[in-house]
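The values are calculated or read from the model by the stated rules, or taken from the named source; none is laboratory data. Values in this document were obtained by computation on a predicted structure and should not be read as measured data. Neighbour counts are summed over all protein chains in view; Cβ atoms, including those assigned to glycine, are modelled from backbone coordinates with ideal geometry.
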Amino acid sequence: MLRAMIALILTLSFLSTANAQGGDTPDRSATGGAQTLGDIMTRQRGEDVDNSFRSGATGDASRAAVISNQLGTLGGNSDPELWRALRFGSADITASNTGPAATVLIQDGGMGWLKFREGPLTTYGGALLMGVIALLAAFFMYRGRIKIDGEKTGRKITRFKAIERFGHWLLSGSFILLGLTGLISLFGRKFLIPTFGHEAFSFLAVGSKWVHNNVSWAFMVALVMIFVMWVAENIPHRTDINWLRKGGGIFSKGHPPAKKFNAGQKIIFWSVIVLGVSISVSGLSLLFPFEINMFAATFAKINATGIGDLLGFGELREALAPHEEMQYAQLWHAVVSFVLMAIILAHIYIGTLGMEGAYDAMGSGDVEEQWAREHHSLWVEEVLGETTNVSEPLKAPAVKAAKAPVTKTAKGTSAKAAKAPVAKTAKGTSAKAAKAPATKTAKSTSAKAAKAPVAKTVKATAAKPKKAPPKK
Amino acid sequence: MKIMFIAFFAIAVIAVGANLILKQAGFSSKNSTSGAAVRLDN
């Protein structure tokens, strides 16, 4: 009995193996080797069909019929064979235009690109942006505007120089234009044509393309500028761990100490650099079609690592039609841009509506000292520490800080402030400050700073109110 | 704010400049993809 059972199991397993093998190579003898109903049904189920039985069946010129024969005029090939050669890119084409794409007349990979572009890309990309906007709105309703906790001092510290703000606005202005025109290009057919009609959208689409193609250079220039100007200050620091652990103080009281850029800003910076470079490279590939092909080479490298097999998606295609390179570049360009747009929406929120005093950093370049102490306490120490440690006249950032009280103090407290513009206690008690010019809060001043001859230097600069920075 | 508007103006200058330079250098689509047998602007 047991022997009979084992024999049955073995027989069944062999049969199933034979069936499986038979499934891999369908019998096409009934159609003379052409595709069968089974092939069509398999494709309609969305499963892959090995097309090698068709891609190779493109005729044989060596067996060409003479001109008087039925197929003679086609050089020995049938119409289906010629179409297959066109379809699979092996036909000998002569075209009057030039470039790698000129002789590709049928590119069926384009359907996959079109479906992805009109499907998941627009759906999930749009949902991501709308979701981020909804989240920010919900956060604003829950948290409100993050105010400056302490009393404002009326003194200003220069946070960003003119060239830094220029680079920032060059980048942000171009990015907003590129984002809007990119969205018009992607969503126009679906949303704008039904609303405004073909004629109006045509004008908009042509304009968007021009702006998108040409403003991209400003974005790339600005990307290089901000990288060069800010990379040193955006290198991760141990204080970032504490800042992140406390969530930047957004959901709690108190402000974790931070240098010129806190961990959140560093995340924004590196996102802009990494994603911005990626967008730029894929954008350049699209700006100069078929000149910069990246994906076939990248897929080959990915295949070499074996990641595809490990994750179960198998080998990536290493031979791509010229158009496919562009299609992958376009999808990559759009996907990465959506991610960066989502990040930048949060950045715009916190830099404008979300936080009191934050916009000044990029507006005038000068921030309220109390704001700086709350959000970038270590940076304030560095800036004022530098000035208080030297006996030479104050350097640029602190000079403004010193000058500021004279013009910024609204209610005639300039004299008081002028006596101790740099010194400041947590609650802005100027009287105390006047008595002890260099004393500061425990967290923000060093002993050196307290001993430094701040008052003397400050008085010298405070005596020139006309040169003070303009009022807000 | 002045710096912001200067930067926005610079964006426009760079965009117009880039377009002119690329056109002059023969990088337009019609120039870069048409063969000798194609007559442009006729």
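Among the candidates B:GLY35, B:GLY17, which residue alone is out of contact with any helix residue (DSSP H, G or I) (no Cβ under 9 Å at 6 or more places or on another chain), under 24 Å from A:PRO289 (Cα atoms) and surrounded by 11 or more Cβ atoms within 10 Å (Cβ to Cβ)? Give the steps one after another, and end with the answer.
Numbers: B:GLY17 fails: out of contact with any helix residue (DSSP H, G or I) (no Cβ under 9 Å at 6 or more places or on another chain).
From the options B:GLY35, B:GLY17, the qualifying one is B:GLY35.
Listed here are the residues, each with its yes/no results for (1) away from chain B (no Cβ under 14 Å); (2) surrounded by 15 or more Cβ atoms within 10 Å (Cβ to Cβ).
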site	(1), (2)
A:ILE184	yes, yes
A:PHE187	yes, no
A:LEU204	yes, yes
A:LYS209	no, no
A:MET220	no, yes
A:ASN234	yes, yes
A:ARG238	yes, no
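Report, by residue number, each residue of segment A:248-284 that is within 14 Å of chain B (Cβ to nearest Cβ) and either crowded, with 18+ Cβ neighbours inside 10 Å or part of a loop (DSSP other than H, G, I, E, B) (or both).
A:SER280, A:GLY283
Take B:ILE11 and tell me if it is closer than 21 Å to A:GLY207 by Cα and outside any loop (DSSP other than H, G, I, E, B).
So B:ILE11 passes the test.
Go through (1) modelled with pLDDT under 95; (2) in a helix (DSSP H, G or I); (3) closer than 27 Å to B:PHE8 by Cβ; (4) more than 20 Å from the chain's Cα centre (by Cα) and name the single condition A:PHE187 misses.
(4)
Examine segment A:157-180 for a residue that is closer than 19 Å to A:VAL272 by Cβ and among the hydroxyl-bearing types (Ser, Thr, Tyr), and state whether such a residue exists.
The answer is yes, given that some residue of segment A:157-180 is closer than 19 Å to A:VAL272 by Cβ and among the hydroxyl-bearing types (Ser, Thr, Tyr).
When only residues in segment A:89-102 that are farther than 21 Å from A:ASN51 by Cα and surrounded by fewer than 16 Cβ atoms within 10 Å (Cβ to Cβ) count, which is farthest from the other protein chains (Cβ to nearest Cβ)?
Looking at residues that are farther than 21 Å from A:ASN51 by Cα and surrounded by fewer than 16 Cβ atoms within 10 Å (Cβ to Cβ), I get A:ILE93.
Taking the criterion of being in the same structural domain as A:PHE288 (by TED's automatic domain parsing), among the polar types (S, T, N, Q) and free of Cβ contacts under 8 Å to residues at least 60 places away in the same chain, would at least one residue in segment A:233-241 satisfy it?
yes
Does segment A:109-129 contain any residue that is away from chain B (no Cβ under 14 Å), in contact with a Phe, Trp or Tyr (Cβ under 6 Å, 6 or more places away or on another chain) and surrounded by 12 or more Cβ atoms within 10 Å (Cβ to Cβ)?
Step one: of segment A:109-129, the residues away from chain B (no Cβ under 14 Å) are A:109-129.
After this cut, where a residue has to be in contact with a Phe, Trp or Tyr (Cβ under 6 Å, 6 or more places away or on another chain) as well, the list is A:125, A:128.
Filter again for surrounded by 12 or more Cβ atoms within 10 Å (Cβ to Cβ), leaving A:125, A:128.
Among the residues of segment A:109-129, at least one is away from chain B (no Cβ under 14 Å), in contact with a Phe, Trp or Tyr (Cβ under 6 Å, 6 or more places away or on another chain) and surrounded by 12 or more Cβ atoms within 10 Å (Cβ to Cβ), which makes the answer yes.
On the basis of being closer than 20 Å to A:LEU340 by Cβ and polar (S, T, N, Q), does A:SER202 make the cut?
no
Report, ordered by the first and then the second residue, all pairs with beta carbons closer than 7 Å, sequence separation of six or more or different chains, a first member in segment B:1-20 that is within 7 Å of another protein chain (Cβ to nearest Cβ), and a second member that is assigned to a helix (DSSP H, G or I) and surrounded by fewer than 16 Cβ atoms within 10 Å (Cβ to Cβ).
Filtered contacts from segment B:1-20: B:ILE3/A:ALA162.
List pairs: first residue in segment A:350-368 and more than 11 Å from chain B (Cβ to nearest Cβ), second residue part of a loop (DSSP other than H, G, I, E, B) and β-branched (Val, Ile, Thr) anywhere in the structure, Cβ distance under 8 angstrom, at least six positions apart or on different chains.
A:GLU356/A:ILE148; A:GLY357/A:ILE148; A:ALA358/A:THR352; A:GLU368/A:ILE148; A:GLU368/A:THR153
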